[in-house]
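What follows is a single structure, written as structure tokens, with notes after it.
Bear in mind these aren't lab numbers, they're just calculated from the coordinates by the rules spelled out. Please read all numbers here as calculations on a predicted model, not as lab measurements. Virtual Cβ from ideal backbone geometry, glycine too; neighbours counted across all protein chains shown.
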Amino acid sequence: MTVNVYHCLIELRTEARALSFAHATGLWLDHLTRHDLVSGWRLMRRKFGLASGRHTDFVLEIEIKGLAALDDAFTALAEADADAVELYEKMHAMIATVEIGLYRPYPDPAQRERIALI
């Protein structure tokens with residue numbers, strides 16, 4: 001099974017605390033993991049402020065089993081109950097900026113670059 005990685009580059013709001021953000025992120029993503037919406041995740045923080053260019057303070061990688069699973073996750077999030085919304089909002093309120101990308105292992109057996117509808 002190929003796992004896709006939803007890659008997030010995150011900067012926190014000035015007033016946000018890193019440990020509070022890490023805790024809130026853990027609660028939110030553990031919730032998603034328990035509901036089988038993501039297959040794994042990890043949060044990393046820049047070490048010693050060492051970075052160049054657009055590297056942010058935090059990198060969050062969320063493992064998704066495939067595009068169908070990603071679609072299922074977005075559908076479930078749109079229909080979230082009050083508890084899930086509260087977990088998400090606690091984490092999201094601390095974020096100033098986020099840039100995302102969706103990655104997959106490469107090369108992969110399907111070589112999707114060759115596949116087109118037209």
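Tabulated data
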read-out	value
Option label - Rg and Dmax of the Cα atoms in Å computed here, alternatives (1) 17.3, 49; (2) 13.9, 45; (3) 15.8, 49	(3)
Of the GluC sites (Glu not before Pro) in the stretch 29-105, those whose Cβ has at most 15 other Cβ within 10 Å and which sit in DSSP loop	79
Of the trypsin sites (Lys or Arg not before Pro) in the stretch 1-64, those whose Cβ has at most 12 other Cβ within 10 Å and which sit in DSSP loop	13, 17, 46, 47, 54
Among 58, 48, 21, residue whose mean-square fluctuation peaks in a GNM of the chain (springs only between Cα atoms under 10 Å)	48
CD proxy at 222 nm, helix term only [per DSSP H run n ≥ 4: -39500 (n - 2.57); per residue of the chain; nearest 500]	-11000 deg cm²/dmol
